[in-house]
Structures are given as structure tokens and as C-alpha cells.
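FYI, it's all coordinate maths here, none of it is from the lab. Source: prediction; values computed, not measured. Glycine also receives a Cβ, built like all others from the backbone with ideal geometry; neighbour counts cover every protein chain displayed.
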């Protein structure tokens, strides 16, 4: 089944079909207005809404017709409720000039009837959208440092409130029942910030929270629930830091069973991206100074697999959770690595330069990358790919036109089951984009023209953990032989120490190496004694390095090495 891709740009909104009919025009009638600010699909893809600067239109993708037109010319943001029964529209906050009272700017519409269910005031853009449970039984919004809860899509009655002094953020798990909600309160005056998780509607009492996490370094907190709603990741960020320009970051894990852990990252540096697996059993973190690390962690925050280091700052699971794409976009060159999550094997590598957006198709096999304005105003366009690295469709915008947004129509969850992964590239007539030309490293004038130029390699890339294990297994025979030789040498030295007769016999049987004479028999005798003492000190050092415990008089003898060397040098010079 072909799922369309919605495109929004300076020439309006239009749709194209995805594979297997990529590039062909979808049944959607193009919106020609150049003032389209926003477009959005419902979670199952059955509805599509957009604002054209005059009104908001709701389109039924199954019947291919507009079912509602809402007089909201100032609409700036929109979301559908999880089941598509409601459309929430946010407009910039304004004040009535005559009454100086705030004008309601958050509007909730019934999609079926087109009537406004409720209009509310929402001044701040942050957390503007009410959050719903997956069954739409519960809805939550932040009002004046309180969390207000509504039930069964009835917004005329606040069913209950969660009082958290100075609450700055919240997150309602989409799954349920039981319904879980997390609230974030920033710290102040020596008090730590904290996030608490509650089970709806049990908010009363000091021990009502089912999980709690406190931290001092947090100016902002991003909260991410997994799909099952039984675990929460917290990404804390400080705006300033003595050690880093990016500030300090920390990643914390909270389970609804009360478990609370700090996720220990294997490299210093910023956290670029955190992604839960759709299977809710693991999560991927891309972190560390470039070249960045990528690691998969389990629900106990234990590292399951380390992908090594590379030029990447994003990690995206496909909807089925069996493929992970590690990408390097933005100021990186668009590298993409596709990994088989089960087998921990790389499927392929590809490159999509100047990419500003990436999205998987619901079928888990295809994805779209786009170069959009205003991030990049040159080379605007999109590419449709297969996960094997083949480009199936490539389109650049005409001269004078801009592309602002491109994303795939969603589909019901069970429409596309997980398929076996193929490691063979699919056939395509479209040529993959050429990688950017490699820039030659700067060589100082004094070193130019030399055959043996100094190494200009900036980074040593770490291999994935399974490659490290393979290298270790290959080196096992050599390391085992080395250990045997060291043990044999240590035993021989120990025998020589315990049996002086053997040592003397070995010395007497060894070929003599006469030293040159100074002409003074007394001086030659002193030099010989000093060299003998230094040889004994060398043997003691070897025994110590082999792990043998030296006696007190032997340790004292080691301390005389420097003075003996000085005395020997004076005798030999004179």
C-alpha cells in the first residue's frame, strides 16, 4: 500500500505518493495559498488538517474530501487528539484593547461536528498543547503552576488537580490505564530540582508519588515516556557550565515501580539525541564530543550494545523497532548507518548531504530526507530512500520556490507487521547523491613537498563492541603465549634467588666479558664491585616487576642505585 507524503512550501501544500508509486501525485487537491503556516496528520493518518492563512481545513484521507472548515486565520499550531475526535488549535496570545483582558487563544474543536468545544487562555508557547491518554479518557494541562485534569473529553469540569508548587513542566504517559503523569519542579536557593511520577488520580498525601528523582544541575528537563508508559527518561540541561560551552547534561531513568537510576554514559560531552525503541524494552543514546558514541541500554540502564564512535548526532528506530538508523545531520555531512537491532549487524551505509529532516515510513522499510527552509535556503528538496541505501525518488524545488516541511502520512499500528531484514540493496534507477568533496588538510609551508608528511588524522574511531570482541578473540593465542613466557621467566629468577650455587655456576659457565683496565688495580677492583652491585639491583628490580615481595634489606639496596651509578661514572672518567 502506497502512503502519501505531505509537502508544505512557498507554493502551498501538496501530496505525492510513496513507494511503490513514488513521485506520482496523490488524490489530494493542492492548496495553492503561500501562507500555509502549519499542517498535521492524525495519529492513524485518517485525518489531515492545515491552515492556509484564511481558515483551517480538515481533510478525510480515506474519502479524499474536506469535511470541515474552521474560521481560525491566526492558527499557528495544531494537534489531533490520539483517536482523532478533537482538533486543538493554538493562536498567539493577545489582549483586548478595550477591556485589557486576555483573549482566549486555545481552541478545542469536535472534528465530526466542526463546533468549538472549549476556548481557553494559554499565554506561553511552551507546553501549549493539552496532553491526552491514548484512549482519550484523561486530558491534562498546566495552568498557573497547577496540573488540571479533564475526563471523557468534558472540558467544562476540572475533575481533579495536582498541586506542585512552581511546577514548570509535565508529561502524561500516552498509555494506560493505569494513567501515569510526571511533574517537574525547578530548584532554587540551595534546593534541588525534582521530577515526581504519580498514578492518576492518587495525588494526595506526602507519599503519593510512585517514583521520584532529584538533581541539582537542571535549568531545563525533557521528559520522554516509553510507548508502554512504564518508564520515563529525563534529560536535564544547564544553560551554563564551567567545563563546557554546551552546559552540563544528565540522563536519568525513572520506572513506575519506583526504580530510579542515573544512566552512565561512556564518553564525556553533550547528549545529542535519546530515542526509545517502539518495543519499550530499550533506548538508544547518541552522546559525547565528536566523534560521538551511540549505545543501546536496557530497562536496568545497563549498556546492551556499543556502536563505537562516528560522525553522528541522531538515532532513529523504524516503527517496528527492528532497524536503527544512526545519522549525522546539521553541521555533519549526512552520514547514515543502518543497523539490524536483533543481530547487531550493520546493514549498510549511505550519505544524504544537507539534510534537515528525517522520517521513517510506517512500513518500516522506507524513509524520507529533506532539505528545508529557513534552515537551508539552497538546494531545497526531498529524497525517498529504502533502508538498503537505495534512493528511489529525488526532487529539487524549482528556482524561486522553497520547501518548508515534508513528512509521511501515518498508518494504524498493526497495518505493517515486522518483516525480515534484507542485506541486499534494492534496484533503483536514481543515482545516490554524491558525497561532499573531501577537503585537503592544511600543511605548513615548511612541510610541503616532503614525501613523509605528518599524519593529519584528527580522530581515532572506536569500533562497535562486537568488533572489539572479535579482535580480542584473535589476539588470545598471542597473549596466552606471552603470559607463559613471563611466568617461566619469573620462576627462573625465583630459582636463581633461592639457589645461589646455581647462580654462581651459571655465572662461571657463562663466557667472560673482560672490561678494559684503567691501569690502577685498586680502581679496577672498585669498578668491578660497583658493577656487580648494579647487576644485583637489576635482578631485584626484575623480581619486583614480576610480582615477588622483596625483603627490607633488598628494598634498601634498590635505593642505593643512583649513588652507585654516580660513583661508577666518577671512577671511569678519572
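For the chain, the longest principal axis of the alpha carbon atoms and the long axis of helix 561-573 meet at an angle near 50°. What separates the Cα centres of the range 346-378 and the range 144-210 is a distance of 37 Å. From the coordinates of this entry, P(r) over Cα pairs in 10 Å bins from 0, in percent is computed, and it appears in [x] 3, 16, 26, 27, 18, 7, 2, 0, 0; [y] 3, 14, 23, 23, 18, 11, 5, 2, 1, 0, 0; [z] 3, 12, 19, 20, 15, 8, 7, 6, 5, 3, 1, 0 under the label [z].
Sort 220, 414 so that the residue with the fewest other Cβ atoms within 10 Å of its own Cβ comes first and the one with the most comes last. Present the calculation step by step, with values, prior to reporting the outcome.
Numbers: 220 17, 414 6.
Fewest to most other Cβ atoms nearby, the residues stand as 414, 220.
Quick one: 60, 239, fewest Cβ neighbours within 10 Å first, how do they rank? Walk me through the numbers before you get to the answer.
Working: 60 14, 239 9.
Sorted ascending by nearby Cβ count, the order is 239, 60.
Relative contact order for the range 45-162: 14 percent, from Cα pairs under 8 Å spaced at least 6 residues apart, divided by residue count. Taking all Cα pairs closer than 8 Å and separated by 6 or more residues, the relative contact order of the chain comes to 7 percent. Axis of helix 465-474 versus longest Cα principal axis of the chain: the two differ by about 30°, to the nearest ten degrees.
Annotation: peptides 334-346, 262-274, 361-373, ranked by per-residue average of other Cβ atoms within 10 Å with the highest first, follow the order 361-373, 334-346, 262-274.
Calculated mean residue ellipticity at 222 nm for the chain: -5000 deg cm²/dmol, from DSSP H runs with n ≥ 4 weighted as -39500 (n - 2.57), summed, divided by the residue count and rounded to 500. Calculate how steeply helix 476-498 sits against the longest principal axis of the alpha-carbon atoms of the chain, using the helix alpha-carbon long axis, and give the answer as 0 to 90 degrees to the nearest 10. Tilt relative to the chain: about 30 degrees. Here the relative contact order of the range 250-323, from alpha carbon pairs under 8 Å that lie six or more residues apart, stands at 25 percent.
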